[in-house]
Structures are given as structure tokens and as C-alpha cells.
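The values are calculated or read from the model by the stated rules, or taken from the named source; none is laboratory data. The structure presented is a predicted model; accordingly, all values stated were derived computationally and were not measured. Methodologically, a virtual Cβ is constructed for each residue, glycine included, from the backbone with ideal geometry; neighbour enumeration extends over all protein chains shown. Please note that ligands, DNA and RNA were not included when accessible areas were found on the heavy atoms of the full protein model with its side chains. Shrake-Rupley method; radii C 1.70, N 1.55, O 1.52, S 1.80 Å.
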Amino acid sequence: MSCARTTILKDGYSKAPVNPKVFKNRVYFDKSILTQVDTTVIYELYNDNFYVGFEKQPDVLARFNYKDVNTIYGVYRFYGNGCFSLFHLDRKKPELTSQFFDPAYTGWRGVLYKKKNKILGDEFTQVGPNSWQLGKQIQEFIFNGDTLIVDFKNVHKYTYIKRHIEPKLLEHKADW
């Protein structure tokens with residue numbers, strides 16, 4: 001999949017797949033998933049495993065982790081049709097705009113589906129160590145109240161926390 005044909009989004013550098021077969025598992029989307037997912041919010045990265053040197057830092061939302069030199073952090077946005085986006089925000093730019101959450105402008109794309117009673121997602125994203133290696137990555141989504149755990153095949157687990165933002169920022173549609 002790393003040689004999938006792509007199109008460049010409106011930001012001038014983000015890429016999305018052209019062939020809809022990348023998201024063929026969309027046919028397994030089950031609307032019952034939406035009972036666990038809040039489609040009116042974003043889920044933002046929570047640093048629960050951050051170290052400076054050998055010293056573990058306090059658990060904190062990534063946007064408040066000023067000890068981390070990397071100011072970019074991820075947020076998930078889920079849509080009612082089973083699509084989702086992973087956007088990247090910069091804590092140096094705290095004022096949010098609608099453009100930050102426009103999947104036609106920026107972000108990675110994915111679809112949710114159910115398999116063996118698990119909520120899985122196929123996300124078209126960077127899959128290799130180089131930014132030009134793009135492909136499909138499968139992840140498991142575990143929703144528990146306001147918390148989202150994203151498990152990448154038992155290799156990495158990331159925690160995200162629900163964040164309410166101005167609804168007009170999330171008025172974009174997703175259909176891939």
C-alpha cells in the first residue's frame with residue numbers, strides 16, 4: 001500500500017488516497033459504534049508516558065506539556081458516517097480555526113468498522129520512517145467515557161481525552 005496514488009490537500013502538503021478501495025473495510029461499519037463515539041467533539045492527545053531524560057513527567061494533555069520540545073499534537077475527529085480524521089494542532093497556536101478541522105484542507109483520513117466485537121480503524125497515514133512512505137495503518141479504538149485509547153497492534157497505545165470546542169469549527173463533512 002505504500003505506493004498508493006494520492007492527491008494533495010488544500011494545505012499544499014497533506015496527502016489523501018485517490019482510490020476508495022483503501023477504505024474497503026468501510027462496508028463493515030456498524031452504526032452501533034456511534035453509541036460509544038461522540039461526534040460533536042475532538043479527542044486530544046494526553047501525554048501519559050512522557051520522559052525528560054530518565055525522569056518521568058506528570059501526566060498532562062499534550063497542549064499543556066511545555067517541557068516537550070515537539071509542540072505538535074494529534075486530535076481525532078469522528079463523523080456520523082463512520083469516517084474519521086486525525087488532525088495535528090500546534091500548542092504555539094492556541095486559537096482554533098475551522099480550517100484546522102477541515103478534512104479537505106488537512107489531516108489523515110480513516111474509517112471505523114467492527115470486527116470480532118472490536119472497533120477498528122483503517123487510517124491512511126505515514127507508515128514508515130520517511131514522510132513519503134504512506135499507507136494504511138490498522139488501529140483499535142477503545143472508548144471509555146471521555147477517554148479514547150488508540151492501540152496500534154499492541155505496539156503503541158495512546159490516550160486521548162474528549163475536548164468540547166466551538167461546534168461551528170466542526171461543521172465539515174467527510175466522505176471517503
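Using θ = phi - 60° and the Karplus form 6.51 cos²θ - 1.76 cosθ + 1.60, what ³J(HN,Hα) does each residue of region 83-89 get, whole Hz, x for Gly and Pro? Each residue of region 83-89 in turn: 7, 8, 10, 10, 9, 10, 10 Hz. Taking a straight line from the alpha carbon of residue 56, these lysines sit under 20 Å away, with near neighbours fewer than eight places off in the same chain left out: 67, 157.
For the chain, the dipole from Cβ point charges (+1 on Lys and Arg, -1 on Asp and Glu) about the Cα centre works out to 600 debye, to the nearest 20. Determine which residues of region 66-90 fall in the zone a paramagnetic label at residue 99 would reach in this model, i.e. backbone nitrogen under 14 Å from the point 7 Å along Cα→Cβ. Those under the cut-off are 90.
Here the accessible area of the chain is 51 percent carbon and sulfur, with a 1.4 angstrom probe and all protein chains present.
Computed over protein heavy atoms with a 1.4 Å probe, the accessible surface of region 1-147 works out to 56 Å² per residue. Within region 136-176, find all residues whose amide N lies under 12 Å from a label point positioned 7 Å from the Cα of residue 114 along Cα-to-beta-carbon. In region 136-176, the label zone of residue 114 (backbone N under 12 Å from the point 7 Å along Cα→Cβ) covers no residue.
The Rg/Rh ratio of the chain, with Rg taken over Cα atoms and Rh as the Kirkwood radius over Cα pairs, comes to 0.94. Of all aspartates and glutamates in the structure, the ones whose alpha carbon falls short of 15 Å from that of residue 168, not counting any fewer than 8 places away in one chain, are 95, 102. Taking the convex hull of the alpha carbon positions in region 32-116 and averaging its projected area over all directions gives 7.3 nm².
When its C-alpha radius of gyration is set against 2.2 N^0.38 Å (N residues), region 98-176 gives a value of 1.21.
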